[in-house]
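The values are calculated or read from the model by the stated rules, or taken from the named source; none is laboratory data. Remember, predicted model here, so these are calculated numbers, not experimental data. Note that we place each Cβ from the backbone using ideal geometry, even for glycine, and neighbour counts take in every protein chain shown. Surface areas here come from the heavy atoms of the whole protein model, side chains and all, with no ligands, DNA or RNA. Shrake-Rupley method; radii C 1.70, N 1.55, O 1.52, S 1.80 Å.
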Number of protein chains: 2
Amino acid sequence: MRRGATNAAQTGAPTSADVARLAGVSPATISLVLNGRASKVRISDETRDKVIAAAAQLGYTPNHAARSLRQRRTNIITFVLPTLDNPYFSDVVRAAQTAAQQHGYAVSVIPAKTKPGEFHALSFLQGAAFDGIIVAGRENCTAPELRQLAARGVAVVALQEQSPDPSIQSVSVDLEAGGYMATRHLIDLGHRRIAHVTERLHEPGTRRDRLDGYRRALEEAGLAFDPSLVLTAENTMAGGSKAIEQLLGPGMQRPTAAFMYNDQMAVGALHALRLHGLSVPDDFAIVGFDGVAIGQFTAPALTTIDHPREELGRLAIEALIGALEKRPSDVREHLLPVKLIVRESCGGGKTLLPRRQPRTRTR
Amino acid sequence: MRRGATNAAQTGAPTSADVARLAGVSPATISLVLNGRASKVRISDETRDKVIAAAAQLGYTPNHAARSLRQRRTNIITFVLPTLDNPYFSDVVRAAQTAAQQHGYAVSVIPAKTKPGEFHALSFLQGAAFDGIIVAGRENCTAPELRQLAARGVAVVALQEQSPDPSIQSVSVDLEAGGYMATRHLIDLGHRRIAHVTERLHEPGTRRDRLDGYRRALEEAGLAFDPSLVLTAENTMAGGSKAIEQLLGPGMQRPTAAFMYNDQMAVGALHALRLHGLSVPDDFAIVGFDGVAIGQFTAPALTTIDHPREELGRLAIEALIGALEKRPSDVREHLLPVKLIVRESCGGGKTLLPRRQPRTRTR
DNA sequence: GGGTTCTGCTAAATCCTTTTAGCTAATTCG
DNA sequence: CGAATTAGCTAAAAGGATTTAGCAGAACCC
């Protein structure tokens, strides 16, 4: 292939050599000027201006691949999310993006379907087209690929999960406390049969979870744990709806309240209850989890456990960048507090109001 | 720096040279085997197996930057989205990801805040760490950076927007038809004062939009276009809510129905109407737009204009890959049909039911 | 047996930027 | 004035995979 002066015309993208030619300097100078390496190597103002002008004239931007190859870094942080569906992550990522930008990193997102056993982002991940990843979703976090990545120098932070690999930091919200608060709130309102709809039952040995908090609250109140009141459902509105259908089905000893895995599923729950002609909160109380926007717009508005989502995103980025830039931290696990937001779906003001009589049918 | 046999130990990531050493062949062979270039260069089964075993033993994966540099392609397609908030895009991206994978491409997403005048993904985009991008959002689609990218060989597809650059294909849903159908539906149900809440007024000369369909339906029915019934609001539930507040405010000649920019804003609208003690659909009808999941779970469920979101994602990928692989298409613009889904928020069965008397107060 | 054709693999160039040792010319110093 | 700095820049290597011309040896042919 012919080489020479017309390189830019051939490929469509000008290279530093093209800029160098135009400015009458060497490619090294282009790099030095454009990256502000003035501290290392001196460049005269005159040359600097020439380079900048030439770069602008050609519309030059450094080739990402070449730069990454040489520098061994991409300045990209990737979020691996189980789905784009959940507005929860939208809030987390937005905050993360802001934080990352301040450190000179860009953020991208890969939706990784999280079918057990498959890890679709695998091929992408293994290419390591990023310096670090923040991983959400149980299956993603436990994927063996993560250890490989970590072993090869990619910084990894698990979001809301605990990785089996001790070299992988985690940034989470205190799910157990959230589960406790949600359940305790219902108990304080007089409920005695309280269901919990979850996305999946967590294996023993993993991080303490919503379910642990649920059980702790029950125990503290002297209520027996009834396994038939804990349901697993798909993490969607439809999933939440189906779970409630199940709870209201024939042969069930109906609960009077449910603590839902998240707000999304809680929306589905409200829907199912409506279809059954049950009034919320009068006939049935619902507590959500997450605190996302939709909870304010449902009828009734959702009482929920609010997460500091922005903080979560920011902290994840900071933990990651800390690891990237070799500022070793002894903190392996960051745990953020949650708070109860009382709206309408459980009835009003906490324990202040007279406790309503729950109708626990004993068949 | 010392070079040699222990390279893998130094960097943490094995290179093709490491695999070559272990397998007793040259790096070229590694590449040939691992990429299945058997058609070009013959490799014995024995060597092939040795290479594969060595690669597996070392956990080798090719360095993404080096490969991209050499091949001048990344096999990555990036979605530039104005926000992650909207479940609409979730559906589109999911389908796109599936389609892309079949062609050997991975999909990543960049949330690009879309404040007028700023294009936050800029630095990322200019690096061109991808072969093509699919861009959504007015501001993103009209960003001058797009032309630069297109000029330099990055394939660009605009989603739901029309780019000023003729070299940029677009894949969209027929918004005008959707606007017409939504409005026509309300007219058929007897409404005469119909508001339209939109995200932004589109500039003349751009693609025909919801508003055009709205106007066409009004015109066809002999109804005067009243500019005071067209409101602009933020594209969120809160934005939809505020818009309705405004419509119901003092001094307004109240409409009896509203065609909302999308389902998200329609959810906000339902909320605002509820706060005002108005019953939907009896006192006020709402039509949404998009057909996303939430519409089935609201009370009342949303009548809406459903988009073929999966198709949209698939088509965008196919248009993009077609452009990437130099299969020139004369189709600059793909337009997908929409359809009306009648649920509850406008009342039941179209024109079949007796038209209810709208209460148009003339003050 | 000598020439030809395959087989199977490798050497070396290439992609583009960054980095650092070091070169040249100008300036300063004694 | 000669030596020592300093300023300002460049040459060349490095980073890791891919690609292609072509080499060496084996097999084949008459």
Tell me which residues, restricted to the stretch A:292-303, are away from every other protein chain (no Cβ under 14 Å) and open to solvent by 10 Å² or more (accessible area, probe 1.4 Å). none
Residue by residue through the stretch B:26-40, note down the ones that are under 42 Å from the mean Cα position of the chain (by Cα) and surrounded by fewer than 20 Cβ atoms within 10 Å (Cβ to Cβ). B:27, B:28, B:31, B:34, B:35, B:36, B:37, B:38, B:39, B:40
For the stretch B:10-25, which residues satisfy the criterion of being near DNA strand C (Cβ under 10 Å from one of its atoms) and open to solvent by 50 Å² or more (accessible area, probe 1.4 Å)? B:24
Could you check, for the stretch B:338-348, whether at least one of its residues is over 30 Å from residue B:96 (Cβ atoms), in contact with a His (Cβ under 7 Å, 6 or more places away or on another chain) and at pLDDT 75 or above? yes
Looking at the stretch B:90-107, can you tell me whether even one residue there is touching a Phe, Trp or Tyr at 6+ places or on another chain (Cβ under 9 Å), more than 8 Å from chain A (Cβ to nearest Cβ) and β-branched (Val, Ile, Thr)? yes
Of the residues that sit in the stretch B:231-271 and are surrounded by fewer than 24 Cβ atoms within 10 Å (Cβ to Cβ) and hydrophobic (A, V, I, L, M, F, W, C), which one is farthest from the other protein chains (Cβ to nearest Cβ)? B:252
Anything in the stretch A:46-60 that is surrounded by fewer than 21 Cβ atoms within 10 Å (Cβ to Cβ) and within 13 Å of DNA strand C (Cβ to nearest atom)? List them, or say none. A:58, A:59
Residue pairs within 9 Å by beta carbon, gap of at least six or interchain, first lying in the stretch B:29-43 and within 14 Å of chain A (Cβ to nearest Cβ), second part of a loop (DSSP other than H, G, I, E, B) and near DNA strand D (Cβ under 7 Å from one of its atoms), listed first then second, are B:34/B:60; B:34/B:62; B:35/B:62
Go through (1) buried (at least 24 other Cβ atoms within 10 Å of the Cβ); (2) at positive phi one by one and return the number of the condition residue A:277 breaks. (1)
Please specify each residue of the stretch B:56-78 satisfying the condition of being more than 9 Å from chain A (Cβ to nearest Cβ) and either among the hydrophobic types (A, V, I, L, M, F, W, C) or under 23 Å from residue A:106 (Cα atoms) (or both). B:56, B:58, B:73, B:77
Residue A:12 fails exactly one of (1) at pLDDT 90 or above; (2) away from DNA strand D (no atom under 12 Å from the Cβ), namely (1)
